[in-house]
Structure formats: C-alpha cells, structure tokens
1. Given (1) open to solvent by less than 90 Å² (accessible area, probe 1.4 Å); (2) at pLDDT below 90, identify the lone condition not met by Lys127.
2. Filter the stretch 30-54 down to residues that are of a type in the set (Asp, Glu) and within 11 Å of the chain's Cα centre (by Cα) and give me whichever is modelled with the lowest pLDDT.
3. Determine whether Leu32 is open to solvent by 20 Å² or more (accessible area, probe 1.4 Å), in a strand (DSSP E or B) and of a type in the set (A, V, I, L, M, F, W, C).
4. Which residue out of Thr8, Thr26 is open to solvent by 50 Å² or more (accessible area, probe 1.4 Å) and of a type in the set (Val, Ile, Thr)?
5. Please enumerate the residues belonging to the stretch 35-54 that are open to solvent by less than 40 Å² (accessible area, probe 1.4 Å) and within 16 Å of Ala87 (Cα to Cα).
6. For Glu31, indicate whether it is of a type outside the set (S, T, N, Q) and in contact with a helix residue (DSSP H, G or I) (Cβ under 8 Å, 6 or more places away or on another chain).
7. Can you tell me which residues in the stretch 55-64 are assigned to a loop (DSSP other than H, G, I, E, B) and either loosely packed, with under 13 Cβ neighbours inside 10 Å or more than 25 Å from the chain's Cα centre (by Cα) (or both)?
Amino acid sequence: MNWFVVRTKPRQELKAKLNLENQGFTHYLPELTRDNGKIEALFPGYIFIKNQAGPTPFDKIRSTYGVLNYVRFGEYIAMLTDEVIEAIRNRDANSVQRDIYQENQKVRITEGPFKDLEAIYQCRSGKDRVILLLNLLNSKQSIEMPDRYVSSA
C-alpha cells in the first residue's frame, strides 16, 4: 500500500492527526523529541495517510479540520511507499535533537551584527534558533539568533 502526503495548516499537525484518527484513517506523524522533552513534528506541516482498500475519500480527508490539502506534483498526488514510511519510523524511534552546546558555555558569534563577539549559550529556542546572553554596554542582554551564526569559543 502507498501513503498520501498531506499538508496541514500551520502548527496544526496534532489537530489534523486527532481528527483523522477520529474518522478512522491510518496515519503517521513523525515526531522529534528535544533534549528538554518537548515533542515537535519532524516534518512541520505534513502528515502521512495510508491509502486504504476501496475508493479513497479525497474530499473527506481534504475537509478534515487541520488539513490544508494533498501535496501534488502537477495533477499527481504525492505518494510514499511502505518502505519509505518504515525507514522514517526506524529513524523516528531514535530521534532526539541534542544541543551541541551546553548551557552557560562560551560561544562566538560568527555572522550578523554581533559578529566576532563572545556570548553565553542559554538554550535552543526553535528548530534553527538559539538564545544567547550577550554583554552589551555593561549590561547582559538576551538575544535570539539563527544557530548557524554561532560556533564554539
């Protein structure tokens, strides 16, 4: 069997998952567990729905609360094989995003307006962002920036 790739409304993956579940659809929402225990969608904005035997209720899936539409390539709906979903599941079982920096570790800012300044790493604030403590004008300021702007001091 194949799986449909479905686009969800922004930050409504869990709502779409619950509503699809309530309608009896087999679905898969890969998740990522952060170091702090927070669980997020591995592919934000997407969920996979198994193509079941019999006619596919396209309109029922598309009108589900939290679902935006099917992912399409022209007139073709994107599909994944069971093997691809199984590979994602195997990887999903062990996926925990670890911070590469420790809390209160000195880091160097490598890009942007604060380039070449030292800061103190506080925590990760999103998928690709970090919060740093920076000494500006003899006062400690908390700033948020892309994690690619930071390296070990």
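The values are calculated or read from the model by the stated rules, or taken from the named source; none is laboratory data. Not measured: the values here are computed from a predicted model. Ideal geometry is used to build each Cβ from the backbone, glycine not excepted, and the neighbour counts take in all protein chains shown. Accessible surface is based on the protein model in full, side chains and every heavy atom, while ligands, DNA and RNA are left aside. Shrake-Rupley method; radii C 1.70, N 1.55, O 1.52, S 1.80 Å.
1. (1)
2. For the stretch 30-54, the residue satisfying everything is Glu40.
3. When the stated conditions are applied, Leu32 passes them.
4. Thr26 is the lone residue from the list that is open to solvent by 50 Å² or more (accessible area, probe 1.4 Å) and of a type in the set (Val, Ile, Thr).
5. Scanning the stretch 35-54 gives Ile47, Phe48, Ile49.
6. Spelling it out, Glu31 is indeed of a type outside the set (S, T, N, Q) and in contact with a helix residue (DSSP H, G or I) (Cβ under 8 Å, 6 or more places away or on another chain).
7. The answer is Pro55, Thr56, Pro57, Ser63.
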